[in-house]
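One structure below.
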Amino acid sequence: MTNETPHFLAGGGAMGVRLRAFAWEQTPLGASTAWPSSLKTLVGIMLASNQPMFVAWGPTRTLIYNDHYAEILGNKHPDALGRDFLEVWYEIREQLQPIVSSALSGEPVQMQDIPLMVQRHGYPEQTHFSFFYSPVRGEGLEVEGLFCACTEITSQVLTEQRLAESEARHRGVLTNMDEAFLLLGPDFRVLEANDAVSRLIKTQGDIIGEEFGALFSEGGQASVYSMCQRVSASGKPERHDYSHVSAEQGLCWFETRAYMVDAGLAVFVRDITEHKKMAADAADAAERVQLALDAGAIVGTWVWTIPDNRFIADARFAASFGLDETLCKSGLPLELVMESIFADDRHRVSAAIEEVMGVGAHIGANIGSGTGMVPSAGSKPTAK
């Protein structure tokens, strides 16, 4: 600091340098050495602060600010220095005018979040600020200017908005899904649940904060709690089906899945009663088909490719004739098949095969297996 530099303009980084070199004599404020003591004090505090601050002094609201407020100004800096504060922010003047007027009339103004559409980088930009406007009185106790400490909170607000939108989407998915969803804390108390929980699990009222074991305590439901304890202890996801009898619907089946997430234990429950019924119906149908096949004494199907003497048959044929199932699938010589037929029938079967090569016929023979005599088997091969 030189002897000519006022002590209140000392330091202050880049803006300190700019304030010391600025031609204040050409502004309504006049030379800095003649400024009121209250203005000098505020400028000294402002330059030493690490928070965005500015002073708007006099009837023309002459603007003085520090390095951190220069960042907020964007490309309005450095031309904003020494100009009318409201002219600098011409694009939001209508919003700022009432606030400035209140402060200059002696009423402090504080706002936690004011949205402002500013133009400081060559394009309109939605911003958010938290600030405090304080009236500053001169030596005659008249308000001569205003002092502002502010913080731009645009990034914070946008982050909160994105988080709220994400949570809304998350909630929308959970609300509309058919599966019941529960999020459990480390103590197995319910932190979050969707609407399907009350429909599928038949809970009453708000279950947030309830102990999960108390909700799943009847019949097969108890096994779900045991599964969740295992998942919590091992960290490995599990799936479990359980049945539950309700007075309204009778026997119901549910599939539960549980896995660890950052917030705790996620549990999904879905009704698989219809799926179980369809599976049971399919099994019954397959059993009826098998019984029908057994009743019809069908011993299997086969194909014999004559040029390479390759006899291919299904598992049922292999079992009926006492043949190796793998060989039947890959193909074996007809001679090996003939060995499974009793010797008394082989000549007749060979003759029938020669006949069917021309016209097709029904062949019947007694076959042997590892368990002894098997009833006579018939087939109707066709030569191609």
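Quick notes on this one:
- Label point distance in nm, residue 324-residue 262, each placed 7 Å from Cα along Cα→Cβ: 5.9 nm
- The calculated FRET efficiency for the pair residue 286 and residue 164, based on their C-beta separation and a Förster distance of 45 Å, comes to about 0.25.
- Dipole of the stretch 1-109 computed with +1 at Lys/Arg Cβ and -1 at Asp/Glu Cβ about the Cα centre; of 70, 54, 36, farthest Cα towards the positive end is 36.
- Given charges at beta-carbon only (K, R positive; D, E negative), |dipole| of the chain in Debye: 480 debye
- With neighbour counts taken as other beta-carbon atoms within 10 Å, the residues 83, 199 rank, fewest first, as 199, 83.
- 43, 245, 349 arranged by Cβ crowding within 10 Å, fewest neighbours leading: 245, 349, 43
- Among 216, 149, 302 the positive-end extreme of the charge dipole of the chain (Cβ point charges): 149
- Modelled label positions at residue 173 and residue 315, each set 7 Å beyond Cα in the direction of Cβ, lie 4.1 nm from each other.
- Convex hull volume of the C-alpha atoms in the chain, normalised per residue: 339 Å³.
- Chain lengthening between residue 41 and residue 71 when straightened (0.36 nm per residue, less Cα-Cα): 8.5 nm
- Over the chain, dividing the summed -39,500 (n - 2.57) contributions of all DSSP H runs of at least 4 residues by the number of residues returns a 222 nm mean residue ellipticity of -11000 deg cm²/dmol.
- Check: the stretch 1-117 dipole with +1 on Lys, Arg Cβ and -1 on Asp, Glu Cβ, in debye: 260 debye
- Rg followed by Dmax, in Å, when the stretch 7-157 is reduced to its Cα trace: 14.6, 43
- Taken over the chain, lysine pairs spaced eight or more positions apart, or on distinct chains, with alpha carbons under 23 Å apart number 4.
- Remark: spin-label model distance residue 306-residue 350 equals 1.7 nm, labels positioned 7 Å along the Cα→Cβ axis.
- Packing-based exposure ordering (other Cβ within 10 Å, fewest first) of 231, 261, 109: 261, 109, 231
- Cβ-derived FRET efficiency at R0 30 Å, residue 105 paired with residue 50, nearest 0.05: 0.50
Values in this text are rule-based calculations from the coordinates and carry no lab data. Remember, predicted model here, so these are calculated numbers, not experimental data. Heads up, the Cβs are rebuilt from the backbone with ideal geometry, glycines too, and the neighbour counts pull from every protein chain shown.
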